[in-house]
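Before any comments, here is the structure.
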Amino acid sequence: MQAWIRLIRAHDVTQRDLGLELHTEHGLTRKDYEALFLLALSEGGRMKRVDLAQRLSLTPGGVTRLLEGLEQEGLVERIACDTDLRVSYAALTDAGREKYDAASCGHMGSVRSVMEENLTPEEIHKL
């Protein structure tokens, strides 16, 4: 149980610290960044909103609120499906790609630093 509690605390502290850095340096929440990350890696820079919600572990309402903020900032746009009116996509804009690229450089370095400072190469490989 002690190992479990330490793992949860380490996760919480790491998420808080990395999230604060993302917000301070780039004005993004951790979920904002994760959404931009998933869109940047998806084919054509877009995903069905329902699929994005699932990948982000959000409800449909939760992903709508998240994407509305990103849309207002011009980082993501909503695109209707040509063949099914029930489906819509979240698509990364050029500004969203630039924001993601700018944030990724520092964020990935911070993640790498946290991992390398606290785990051996063998432990990182196992993870």
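Odds and ends about this structure:
- Count of residues meeting criterion [touching a Ser or Thr at 6+ places or on another chain (Cβ under 9 Å) and loosely packed, with under 15 Cβ neighbours inside 10 Å] in segment 1-20: 1
- Residue check for E77: acidic (D, E), at pLDDT 95 or above and in a helix (DSSP H, G or I): no
- Taking (1) under 23 Å from D17 (Cβ atoms); (2) in a helix (DSSP H, G or I); (3) aliphatic (A, V, I, L, M); (4) modelled with pLDDT of 95 or more in turn, I124 satisfies each apart from (4).
- Residue within segment 109-125 that is open to solvent by less than 30 Å² (accessible area, probe 1.4 Å), touching a residue at least 40 places away in the same chain (Cβ under 8 Å) and in contact with a Lys or Arg (Cβ under 8 Å, 6 or more places away or on another chain) present: no
- Flag if A91 is more than 28 Å from L127 (Cα to Cα), in contact (Cβ under 8 Å) with a residue 24 or more places away in the chain and buried (at least 16 other Cβ atoms within 10 Å of the Cβ): yes
- Once segment 26-55 is narrowed to residues that are farther than 20 Å from D101 by Cβ and of a type in the set (A, V, I, L, M), the residue that is nearest to the chain's Cα centre (by Cα) is A53.
- Contact map, segment 26-38: first residue part of a helix (DSSP H, G or I), second residue open to solvent by less than 50 Å² (accessible area, probe 1.4 Å) and aromatic (F, W, Y), Cβ cut-off under 6 Å, separation 6 or more or different chains; pairs are L36/Y100.
- Test result for E71, acidic (D, E) and within 12 Å of the chain's Cα centre (by Cα): no
- Selection of segment 24-33 for residues being acidic (D, E) and buried (at least 18 other Cβ atoms within 10 Å of the Cβ) yields only D32.
- For segment 55-74, the condition holds for at least one residue, the condition being that it is open to solvent by less than 70 Å² (accessible area, probe 1.4 Å), modelled with pLDDT of 95 or more and on the phi > 0 side of the Ramachandran plot.
The values are calculated or read from the model by the stated rules, or taken from the named source; none is laboratory data. Model, not experiment: these values are computed from the prediction. All Cβ positions, even for glycine, are placed from backbone atoms using ideal geometry, and neighbour counts span all protein chains on display. Quick note on the areas: whole protein, heavy atoms, side chains included, nothing else; ligands and nucleic acids left out. Shrake-Rupley method; radii C 1.70, N 1.55, O 1.52, S 1.80 Å.
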